[in-house]
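Since the structure comes first, as structure tokens, the remarks are kept for the end.
The values are calculated or read from the model by the stated rules, or taken from the named source; none is laboratory data. For clarity, every value in this text was computed on a predicted model and none was experimentally measured. Neighbour counts run over all protein chains shown; Cβ positions are idealised from the backbone, glycine included.
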Amino acid sequence: MDIVRRSIELFDVVVVGVYDLPQKSLMFNTQERVDLFRRALPDLPDVEISPYSGLTVRYASAIGAHVLVRGLRIGADYEYEREMALMNRAMQPDVETVCLMSSLHHQFISSSRVKEIAALGAEIDSFVPAHVSAAVADRLSKRGESN
């Protein structure tokens, strides 16, 4: 949300692409993630939340975007994003990558850490919006019931 809010100051429209079919296990399906993101940013009318599949750079080109905005938290993010930006440029030279440093308050936050903290029964309200915290708690309780 930090990166999206700052991106809208730089661009007229920001499209948040929610990747469909990632190669990792997720707590929420694509539509649930889209809905959670929409609820997190209701005050930003120039932000669109959209699911997509395939290569991100090709999706950007298909919707007419000329810039990919990526957030950087730690040094390892930089290396990963640098390699990705170079690959994207080789595939789609008309799409630039712009990286924004996450705010200091968010440097240490990652979805895997937040899920781990929640699974261990601790509060995550200071890391995510209240509706996301409630959705995570609900999902974890349902997983516990099925075990």
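List the pairs whose first member sits in segment 94-120 and is under 25 Å from ALA65 (Cβ atoms), whose second member is charged (D, E, K, R) and in a loop (DSSP other than H, G, I, E, B), and whose Cβ atoms are under 6 Å apart, counting only residues at least 6 apart or on separate chains? Once the first residue is under 25 Å from ALA65 (Cβ atoms) and sits in segment 94-120, its partners that are charged (D, E, K, R) and in a loop (DSSP other than H, G, I, E, B) give SER102/ARG73. One residue stands out in segment 129-143 among those that are surrounded by 14 or more Cβ atoms within 10 Å (Cβ to Cβ) and farther than 12 Å from MET27 by Cβ: the one that is nearest to the chain's Cα centre (by Cα), namely PRO129. Scanning segment 101-112 for residues that are surrounded by 15 or more Cβ atoms within 10 Å (Cβ to Cβ) and in contact with a helix residue (DSSP H, G or I) (Cβ under 8 Å, 6 or more places away or on another chain) yields SER102, HIS106. How many of the residues making up segment 113-147 are farther than 29 Å from GLY75 by Cβ, part of a loop (DSSP other than H, G, I, E, B) and either of a type in the set (Gly, Ala, Ser) or in the same structural domain as LEU41 (by TED's automatic domain parsing) (or both)? Number of matching residues: 1.
The strands (runs of 3 or more DSSP E) found entirely in segment 1-112 that carry 3 or more residues being within 30 Å of ASP138 (Cα to Cα) are 14-19, 47-52, 67-72. Among the residues here, THR97 does not qualify as farther than 18 Å from VAL13 by Cβ and either among the hydroxyl-bearing types (Ser, Thr, Tyr) or not assigned by TED's automatic domain parsing to the domain that holds PHE11 (or both).
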